[in-house]
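Undergrad: Right, I'll just put the structure down here and ask away after.
The values are calculated or read from the model by the stated rules, or taken from the named source; none is laboratory data. On a predicted model such as this, the values are computed, not experimentally measured, just so you know. Glycine also receives a Cβ, built like all others from the backbone with ideal geometry; neighbour counts cover every protein chain displayed.
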Amino acid sequence: MMEPLDLAKRASNLFTDHFRGRIPLWAGAALWLYGEYTVVQRCIYAMKYEGRMDVADWAGALLGRALRAAERFADVDCVVPVPMHSAKRIRRGYNQAEHLAQQVAHHLQAECDTIHLVKMRDTPSQTGLDRWARMQNLYKAFSLVDTSAFHAKHVLLVDDVLTTGATLEACAREVLKAKPRRLSMCTLAMGLK
């Protein structure tokens with residue numbers, strides 16, 4: 001089986017170091033390392049391209065339990081999934097990050113907010129793009145609907161995989177406009193790029 005990483009309990013770790021100097025993170029964690037031809041890759045693929053909501057719910061519950069055991073995530077008020085453009089959601093059938101976030105919110109006894117951070121542009125897939133191309137691809141792709149929604153809250157952004165960090169960073173920049181008390185992020189898996 002997949003051996004989970006022990007990042008959630010440490011203030012500084014592989015995940016948080018990835019954003020150092022760019023995003024003021026309170027906490028950050030990934031459950032697993034991502035690698036080609038691994039069970040982790042198979043789970044992510046099943047969630048994204050095979051409509052396996054059951055896998056997303058199962059993995060989200062594992063992530064939620066890991067975060068619940070970590071003090072730095074104890075006071076999360078609001079869990080926010082990385083949003084998907086409506087056209088892509090129709091094509092895919094659901095947003096896997098939303099399923100992950102719902103499970104994480106349940107385990108942290110926090111609100112799951114799926115309406116205040118939105119994706120405005122249907123951008124091409126990030127797969128195969130380097131960090132710079134990903135940032136350009138996501139330029140002004142996300143928007144905060146209501147800047148008061150996350151004000152003075154501990155907000156936790158959730159996505160499936162951290163590769164270059166461009167998607168989470170673009171979302172975080174929007175959330176930071178609301179002046180949250182704290183901003184944290186987590187993913188199921190992270191690659192070492």
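Undergrad: If a residue must be at pLDDT below 95, part of a loop (DSSP other than H, G, I, E, B) and among the hydrophobic types (A, V, I, L, M, F, W, C), how many such residues does segment 135-181 contain?
TA: Qualifying residue count for the region: 4.
Undergrad: Just to verify a result, which residue in segment 163-176, among those that are over 8 Å from the mean Cα position of the chain (by Cα) and closer than 19 Å to VAL76 by Cβ, is surrounded by the fewest Cβ atoms within 10 Å (Cβ to Cβ)?
TA: Filtering segment 163-176 for residues over 8 Å from the mean Cα position of the chain (by Cα) gives 163-167, 169-176.
So of that shortlist, the ones also closer than 19 Å to VAL76 by Cβ come out as 171-172, 174-176.
On the way: CYS171: 27, ALA172: 24, GLU174: 22, VAL175: 25, LEU176: 15.
Ranking the qualifying residues of segment 163-176, first place goes to LEU176.
Undergrad: Given the condition in contact (Cβ under 8 Å) with a residue 24 or more places away in the chain, out of contact with any Pro (no Cβ under 8 Å at 6 or more places or on another chain) and part of a loop (DSSP other than H, G, I, E, B), answer yes or no: does some residue in segment 53-66 qualify? Reasoning before the result, please.
TA: To start, the set of residues in segment 53-66 that are in contact (Cβ under 8 Å) with a residue 24 or more places away in the chain comprises 53, 56-57, 59-66.
Adding the requirement that they be out of contact with any Pro (no Cβ under 8 Å at 6 or more places or on another chain) leaves 53, 56-57, 59-61, 63-65.
Keeping just the survivors that are part of a loop (DSSP other than H, G, I, E, B) gives none.
No, segment 53-66 contains no residue that is in contact (Cβ under 8 Å) with a residue 24 or more places away in the chain, out of contact with any Pro (no Cβ under 8 Å at 6 or more places or on another chain) and part of a loop (DSSP other than H, G, I, E, B).
Undergrad: Assuming VAL79 fulfils every condition listed in (1) within 16 Å of the chain's Cα centre (by Cα); (2) in a helix (DSSP H, G or I); (3) of a type in the set (A, V, I, L, M) apart from one, which condition is it?
TA: (2)
Undergrad: Is it the case, given these coordinates, that ASP146 is surrounded by 18 or more Cβ atoms within 10 Å (Cβ to Cβ) and either under 14 Å from LYS119 (Cα atoms) or not hydroxyl-bearing (Ser, Thr, Tyr) (or both)? Don't jump to the end; show me each part of the working.
TA: Working: surrounded by 18 or more Cβ atoms within 10 Å (Cβ to Cβ): no; either under 14 Å from LYS119 (Cα atoms) or not hydroxyl-bearing (Ser, Thr, Tyr) (or both): yes.
Criteria not met by ASP146.
Undergrad: Still on this model: Would you pick out the residues in segment 27-52 that are charged (D, E, K, R) and either under 14 Å from the mean Cα position of the chain (by Cα) or outside any loop (DSSP other than H, G, I, E, B) (or both)? Even if it seems obvious, please write down each step before you answer.
TA: Our first condition is that a residue be charged (D, E, K, R); within segment 27-52, this holds for 36, 42, 48, 50, 52.
Result: ARG42, LYS48.
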